[in-house]
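Heads up, the thing below is written out as structure tokens.
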Amino acid sequence: MSPRGAAPRRGTSSKSKPKILVLSGPNLDRLGTREPHIYGSTTLPQLHDGLGRVASELGGSVDCRQSNHEGELVTWIGAASDDGFAGILLNAGAYTHTSYAIHDAIKGSPLPVVEVHISNPEARESFRHVSVIAAACVAKVAGFGPDSYRAALEALLRRLNQST
Ligand code: CA2
């Protein structure tokens with residue numbers, strides 16, 4: 001039972017494993033194929049496999065998806081709560097810097113969303129210094145290479161497990 005006898009949030013309960021939606025945006029399907037000095041040499045399928053292992057070690061699960069289309073990301077974020085997810089990791093790629101639609105989708109979701117970046121955008125070109133989604137997210141992890149996803153997943157699962 002949740003604190004004060006309240007019903008558990010969707011996607012979390014003492015019986016169910018928290019299910020995390022992991023979203024990667026445009027061009028991240030190319031991970032590991034170019035610019036390894038910035039993004040590392042791990043491919044996205046390898047990264048997703050690693051997250052699956054971490055999630056199951058921590059008593060959770062992940063559903064990892066990638067899209068090059070802003071609207072698809074908006075739709076997935078909007079449906080995530082009804083689909084039984086407990087939280088979202090979001091690397092919105094370059095949409096991080098431009099997409100008010102993704103900002104609004106995050107704001108409209110009851111789920112905690114963690115902004116994730118492989119690189120540290122603030123140490124790069126000036127157009128990457130602004131995140132238009134950050135204010136709608138509960139936290140941000142950036143600059144640890146592909147390990148940013150892992151660190152964000154561990155912290156989010158810990159937070160969700162504490163609040164059930
Ligand atoms: O550092 C990150 O994770 C970014 O979200 C990656 C985006 C970039 O636009 C953001 O400013 C920071 C770019 C993704 C491009 O990914 C590629 C990966 C490998 C090869 C080519 C592109």
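The values are calculated or read from the model by the stated rules, or taken from the named source; none is laboratory data. Fair warning: this is a prediction, and the values are worked out from it, not measured in the lab. Here the Cβ is made from the backbone with ideal geometry for all residues, glycine too, and neighbour counts use every protein chain on show. Areas reflect the complete protein model, heavy atoms only, side chains present, ligands, DNA and RNA absent. Shrake-Rupley method; radii C 1.70, N 1.55, O 1.52, S 1.80 Å.
Here are the numbers:
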item: Breaking point among (1) under 24 Å from Leu157 (Cβ atoms); (2) within 15 Å of the ligand (Cβ to nearest atom); (3) in a loop (DSSP other than H, G, I, E, B), for Thr33; result: (1)
item: Condition met for Ala80 (away from the ligand (no atom under 16 Å from the Cβ), at pLDDT 95 or above and of a type in the set (A, V, I, L, M)); result: yes
item: Selection count where residues are within 19 Å of Arg159 (Cβ to Cβ) and open to solvent by less than 30 Å² (accessible area, probe 1.4 Å), scope region 81-113; result: 14
item: Residue that is surrounded by the most Cβ atoms within 10 Å (Cβ to Cβ), among those in region 36-60 that are near the ligand (Cβ under 10 Å from one of its atoms) and aliphatic (A, V, I, L, M); result: Leu44
item: Test: residue in region 6-22 that is within 16 Å of the ligand (Cβ to nearest atom) and modelled with pLDDT of 95 or more; result: yes
item: Per-region count, region 47-70, residues free of Cβ contacts under 8 Å to residues at least 60 places away in the same chain and part of a helix (DSSP H, G or I); result: 7
item: Residue pairs meeting the criteria (Cβ under 7 Å; at least 6 apart or on separate chains; first under 18 Å from Pro121 (Cβ atoms), in region 29-43; second of a type in the set (Ser, Thr, Tyr) and more than 7 Å from the ligand (Cβ to nearest atom)); result: Leu31/Thr42; Leu31/Thr43
item: Ser148, sole failed condition from (1) surrounded by 18 or more Cβ atoms within 10 Å (Cβ to Cβ); (2) of a type outside the set (Phe, Trp, Tyr); (3) over 14 Å from the mean Cα position of the chain (by Cα); result: (3)
